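K.L.:
Can you read through this structure? Questions will come right after.
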Amino acid sequence: MRRIDLHTHSLASDGSLSAEELVMLAHRIGVDFMALTDHDTVAGVPAAQAMGRKIGVKVIAGVELSTEYNQGELHVLGYNPDINNLALNECLEKLLNYRHQRNPLIIERLRQLGIPVTLAQVAREAGGKVIGRPHFARVLVKMGVAASVAEAFEKFLAVGRPAYVKKDKVSPEEGVKLIREAGGIPVIAHPGHLPVIGSAELTALISRLIPFGLLGIEAYYPEHSWTNVRRFVRLAAEFGLLVTGGSDFHGISKPQNRLGQVLPDGGPVPEGVRASLEEWINLV
Ligand code: AMP
Ligand code: FE
Ligand code: FE
Ligand code: ZN
């Protein structure tokens, strides 16, 4: 069966497979249409697309921007932007700098807790340019201070936990506009993960972002309940937005998310999503 997966991560951010390995895995399990959506970087896109052309997987260029929302984060997915767009790359560079400022502060917090982590250890774990909390979590597991990545977040790294350090971000408006102006399709990622998710808030958020170029909502997502999936599909229809879906595959950093398994029961993205995304790509 052919499958679609529009939300995946590689070693370029906090996934555990290289961009090439990710596309090869997709091919093996029957995913023939996918997007690489690393956090705050497009560095893996050329390698993923080259491998995709070689083995027959259509790889859409993508990115997942972390933006500021209600003291938490709103992730904005961007599909098919020009990855060489100057403004987009300047923004990604800025976000990388924010991370570079944050990482030593997380190290310091952990050291204060008596955990002697070094930045070099975490950088080695990350492999790519983007260093994130999942890499800290993996190092903590290796050091034996947490039993799993999930426990490392619960004990140390999650919001409100002792080693949590906020990173500066761009605004959702800025993120949406940037992707749109780079010729991409901006989509609200996994709205079910937003810190405040009442219907009124979500409607307000969508209305706020449409003037800046918002075009879609990621309704199909393994961590959404069926109730939420249906609610987000309905909201998209009300606003005339595209519906997308993806697994948020990270490899070992998030072992419960399996490539190509996107619905709450592990099912695939409905087939129509592929045609509508292709249609929108031709329109913008
Ligand atoms: P960062 O961008 O460095 O703040 O890290 C955010 C990433 O950490 C998210 O995109 C997830 O991949 C991961 N993450 C956040 N919270 C958790 C959690 N409770 N358990 C596992 N992974 C998490
Ligand atoms: Fe992640
Ligand atoms: Fe995300
Ligand atoms: Zn993601």
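K.L.:
Rounded to the nearest percent, how much of the accessible area of the stretch 174-265 (1.4 Å probe, protein heavy atoms only) is carbon and sulfur?
P.N.:
On the way: 2000 of 3600 Å².
Carbon and sulfur together cover 56 percent of it.
K.L.:
All other residues with a Cβ under 10 Å from the Cβ of T8 taken together, and with Lys, Arg as +1 and Asp, Glu as -1, what is their net charge? The partial results should precede the final answer.
P.N.:
Working: positive: none; negative: D5, D38, E64, D248.
So the surrounding residues net to -4.
K.L.:
Another question about this same structure. With only alpha-carbon atoms counted, please give the Rg and Dmax of the chain, in Å.
P.N.:
18.0, 55
K.L.:
Now, a different point. Charges only on Cβ, +1 for Lys and Arg, -1 for Asp and Glu: so what's the dipole of the chain about the Cα centre, in debye to the nearest 20?
P.N.:
Numbers: 30 positive and 30 negative charges, 134 e Å.
Roughly 640 debye for the chain.
K.L.:
Any idea how far apart K94 and Q256 come out in nm if each label point goes 7 Å out from Cα toward Cβ?
P.N.:
Taking the two extended label points, one gets 3.5 nm.
K.L.:
Per 0.36 nm of contour for each residue apart, how much would the distance between T203 and A50 grow if the chain were fully extended, relative to their Cα-Cα spacing? Kindly include the intermediate steps, with their values, before the conclusion.
P.N.:
Numbers: separation 153, 0.36 × 153 = 55.08 nm, distance 3.89 nm.
Contour length minus Cα-Cα distance gives 51.2 nm.
K.L.:
Next up: In square angstrom, rounded to the nearest 10, how much accessible surface does E68 have for a 1.4 Å probe?
P.N.:
Accessible surface of E68 is approximately 60 Å².
K.L.:
Using θ = phi - 60° and the Karplus form 6.51 cos²θ - 1.76 cosθ + 1.60, what ³J(HN,Hα) does each residue of the stretch 85-94 get, whole Hz, x for Gly and Pro?
P.N.:
Karplus-based 3J(HN,Hα) across the stretch 85-94 equals 4, 5, 4, 4, 5, 5, 5, 4, 5, 5 Hz.
K.L.:
I'd like the FRET efficiency for N84 and A275, computed as 1/(1 + (r/R0)^6) with the beta carbon distance as r and R0 of 30 Å, rounded to 0.05. Kindly include the intermediate steps, with their values, before the conclusion.
P.N.:
Details: r = 27 Å, r/R0 = 0.91.
So the FRET efficiency works out to roughly 0.65.
K.L.:
Would you mind checking the stretch 125-169 for residues with the amide N under 17 Å from a putative spin-label position 7 Å along Cα→C-beta of R111?
P.N.:
136, 140, 163-165
K.L.:
What list of ³J(HN,Hα) values in whole Hz, one per residue of the stretch 271-284 in order, does the Karplus curve 6.51 cos²θ - 1.76 cosθ + 1.60 (θ = phi - 60°) give from phi, with Gly and Pro shown as x?
P.N.:
For the stretch 271-284, the Karplus-derived couplings read 4, x, 4, 4, 5, 5, 5, 4, 4, 5, 4, 6, 7, 6 Hz, x marking Gly and Pro.
K.L.:
Another question, if that's okay. What's the carbon and sulfur percent of the stretch 1-81's accessible surface, probe 1.4 angstrom, rounded to a whole number? Could the numbers behind the result be given before it?
P.N.:
On the way: 1390 of 2630 Å².
So the carbon and sulfur contribution to the accessible surface is 53 percent.
K.L.:
Classify the stretch 61-127 from the C-alpha gyration tensor, please: rounded if a/c falls under 1.5, else prolate or oblate depending on whether a/b exceeds b/c. Show your work: numbers first, answer last.
P.N.:
Numbers: a/c = 2.75, a/b = 1.91, b/c = 1.44.
Because a/c hits 1.5 or more and a/b exceeds b/c, the stretch 61-127 counts as prolate.
K.L.:
While we're on this one: Set the Förster radius R0 to 22 Å, insert the Cβ-Cβ distance between R28 and E223 as r into 1/(1 + (r/R0)^6), and round the FRET efficiency to 0.05.
P.N.:
On the way: r = 24 Å, r/R0 = 1.09.
E(calc), rounded to 0.05, equals 0.35.
K.L.:
Quick check: from the Cα gyration tensor, does the stretch 163-284 come out rounded (a/c under 1.5), prolate or oblate?
P.N.:
Numbers: a/c = 1.35, a/b = 1.10, b/c = 1.23.
Cα axes put the stretch 163-284 in the rounded bin.
K.L.:
May I pose another question? How do the peptides 45-58, 171-184 rank, highest first, by the average count of neighbouring beta carbon atoms within 10 Å per residue?
P.N.:
Numbers: 45-58: 17.4, 171-184: 21.4.
Result, highest mean first: 171-184, 45-58.
K.L.:
Next up: Using the per-residue mean of other Cβ atoms lying within 10 Å as a proxy for protection, in what order, highest first, do the peptides 34-40, 250-256 fall?
P.N.:
Details: 34-40: 27.3, 250-256: 16.3.
Put in order of decreasing packing, that is 34-40, 250-256.
K.L.:
Using a 1.4 Å probe, what is the accessible area per residue for the stretch 1-68, in Å²? Please list the in-between numbers first.
P.N.:
Working: 2220 Å² over 68 residues.
With all protein chains present, the stretch 1-68 gives 33 Å² per residue.
K.L.:
Sticking with this one: Residues with amide H under 5 Å of S18's amide H, sequence separation 5 or more or different chain, H placed in the peptide plane at 1.01 Å from N; which?
P.N.:
Sorted by chain and number, the residues that satisfy this are L11.
K.L.:
Please give me the summed charge of the neighbours of V63: other residues whose Cβ is under 11 Å from its Cβ, Lys and Arg +1, Asp and Glu -1.
P.N.:
Details: positive: none; negative: D38, D40, E64.
So the environment of V63 carries a net charge of -3.
K.L.:
I've got another one for you. Roll a 1.4 Å probe over the protein chains and send me the accessible area per residue for the stretch 139-225 in Å².
P.N.:
Numbers: 3470 Å² over 87 residues.
Here the residues of the stretch 139-225 average 40 Å² of exposed surface.
K.L.:
Report, by chain and number, residues whose modeled amide H sits under 5 Å from the one on A219, excluding near sequence neighbours (fewer than 5 apart, same chain).
P.N.:
HN-HN under 5 Å from A219: T244.
K.L.:
With every protein chain present, what is the per residue accessible area of the stretch 71-135 (1.4 Å probe, Å²)? Display every interim value, and only then the final one.
P.N.:
Numbers: 3180 Å² over 65 residues.
Normalised by residue count, the accessible surface of the stretch 71-135 is 49 Å².
K.L.:
Okay, next question. Counting only residues 5 or more places away or on other chains, whose amide H sits under 5 Å from the amide H of D5 once H atoms are built in the peptide plane?
P.N.:
Placed amide hydrogens put F33, M34, A35 under 5 Å from D5.
K.L.:
In whole Hz and in residue order, list the ³J(HN,Hα) couplings for the stretch 227-242 that follow from phi through the Karplus curve 6.51 cos²θ - 1.76 cosθ + 1.60, θ = phi - 60°; x for Gly and Pro.
P.N.:
Taking θ as phi minus 60°, the curve returns 4, 5, 3, 5, 5, 6, 5, 5, 4, 4, 5, 4, 9, x, 9, 6 Hz for the stretch 227-242.
K.L.:
If you don't mind, another one. Can you list the lysines whose alpha carbon sits under 21 Å from that of K94, skipping same-chain ones fewer than 8 residues off?
P.N.:
K129, K166, K167, K169, K177
The values are calculated or read from the model by the stated rules, or taken from the named source; none is laboratory data. Keep in mind the model is a prediction, meaning the values are calculated, not measured. Note that each Cβ is placed from the backbone with ideal geometry, even for glycine, and that neighbours are counted across all protein chains shown. The accessibility values were calculated without ligands, DNA or RNA, using every heavy atom of the protein model including side chains. Shrake-Rupley method; radii C 1.70, N 1.55, O 1.52, S 1.80 Å.
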